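Worksheet: one structure, shown below.
The values are calculated or read from the model by the stated rules, or taken from the named source; none is laboratory data. Just so it is clear, the structure is predicted and the values come from calculations on it, not from any experiment. Counting neighbours? That spans all protein chains shown, and the Cβs are built from the backbone with ideal geometry, glycine included.
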Amino acid sequence: MPVYSLRRMLIRLARLRLLFVFVLVLVLAGGLLAQTNFPPASTAPKNPTKASPVLPNSPDWREPFPPHRMIGNIYYVGSRGLASYLITTPAGHILINANLKSSVPLIRESIEKLGFRFTDVKILLISHAHFDHDGGSAAIKKLTGAKYMVMDGDAQVVESGGKSDFQYGNAPSLWYPAAKVDRVLHDGDKVTLGDTALVAHLTPGHTRGCTTWSLKVSEAGKTYDVVIVGSPNVNPGYKLVNNPRYPEIARDYERGFRVLKSLPCDVFLGAHGNYYGMEAKYAQMPERLKAGGANPYIDPEGYKSYVAEREQTFRSELQKQTAAAK
C-alpha cells in the first residue's frame, strides 16, 4: 500500500475516534442534565403546592419606591411591593407595617426623606403576622422605642417569631426575630395618638388576627374614610376544609368579608400596593392635582370591586376544596 494511502487511512481513523468521543460526551452530559433538572416521576413531589409551604417572595418587595404624602396625614414609606404607612400627628407618629427584616433601613430613609424623624415613631402596628409585614418589628421597636400593638390571634405569632403560625410555623425560612407585644388588641379597639384615632377591625382568615385599619382624614376641607385592608387572600396551600391547625378558617374568612363590606370607604389602601393599584395612582397624582382634579387615592368603587372579587375567589376555592373532600 502506498505511504500516502496509509496516511490518509490513519487520518480518517483518528477523525472517527474523535467523533465517537464527542458523541459519547454529549450523551453522558445529556443524561446528567436530565437527572439534574427532571427528576424521575417516582421522586418528584405529587403536589408541589403542599410540599412547599412558602409565601410568595417578589423582587419588588425590596425595591425602593418614592415616599410621598397620599392624603391628609398619611404617607407612603414602603417599598414598591410591600406597603408601609406613616401616620403623622403632633404627638409623634404611627407606623403601619415593619415589612421584612431587611426593610428597616429603607423605611427609615423614606421617613427621613419626607422630613420626619424616625425616632418620633411612637406606635407600631401591622396588618397581619407574616414575615413580609412584621419581620422588621423587633428592629424598629429597638431603634425607636415604639409601642407594639397587635391583634389577639396574631400577638402570639409575632412573639414566637412566626413559629406558631398555623400555615408557616414549620418553615424556618419564614421565621423572623420575635418581638414583645406591648398591647394586645381586640376587634373594635381604638389606637389613639395626638389628633388621630385608628380603629382595629378583625378580618381573620389570612391569619387569625389579620387586621384592617380604618381612620378619618381631612383634605381640602373635606373628611374622608380611609380603609387599610389587612389581607383577604387565600394563599397557595391554605386548607379551607378539614384544617386541623385552623378548623374555623373558612368561617373566619366569611366573617372578614362581612366586615370589609360593612366599612365605609373613600380612600382604599392595603398591605400591598397592588391591592389598590398604588403605582398607577401615584403616577396620576401630579397631573390630577395640578388640574384641580380628585386625589386618585380616593377610590370607593375600587374598594367595592376589590372586596367583591376577593370574596368570589375565596368562595370558588372553598367550593373546590369542599367538593374534593367528599
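The residue list V150, V217, V158 contains one member that is surrounded by 17 or more Cβ atoms within 10 Å (Cβ to Cβ), closer than 23 Å to S102 by Cβ and more than 16 Å from the chain's Cα centre (by Cα), which is V150. Just so you know, in the stretch 150-178 the residues that are in contact with a Leu (Cβ under 8 Å, 6 or more places away or on another chain) and among the acidic types (D, E) include one that is farthest from D252 (Cα to Cα), and it is D165. Would the stretch 188-204 turn up any residue that is modelled with pLDDT under 95, over 18 Å from K122 (Cβ atoms) and not in a strand (DSSP E or B)? No - not one qualifying residue is present in the stretch 188-204. Under the condition of being free of Cβ contacts under 8 Å to residues at least 60 places away in the same chain and either touching a strand residue (DSSP E or B) at 6+ places or on another chain (Cβ under 8 Å) or more than 25 Å from H93 (Cβ to Cβ) (or both), the residues counted in the stretch 170-188 number 12. With the checklist (1) over 30 Å from L318 (Cα atoms); (2) not in a strand (DSSP E or B) in hand, flag the one item V184 doesn't pass. The number of the failed condition is (2). Among the conditions (1) surrounded by 20 or more Cβ atoms within 10 Å (Cβ to Cβ); (2) without any contact (Cβ under 8 Å) to a residue 60 or more places away in the chain; (3) not hydroxyl-bearing (S, T, Y), the only one that V229 does not satisfy is (2).
Do we have E63 as closer than 22 Å to K281 by Cβ and more than 13 Å from the chain's Cα centre (by Cα) here?
yes
The residue that is farthest from D252 (Cα to Cα), counting only those in the stretch 287-312 that are modelled with pLDDT of 95 or more and among the basic types (K, R), is K304.
Pick from the stretch 119-147 the residues that are touching a residue at least 60 places away in the same chain (Cβ under 8 Å) and under 12 Å from I96 (Cβ atoms): which of them is surrounded by the fewest Cβ atoms within 10 Å (Cβ to Cβ)? My answer is I123.
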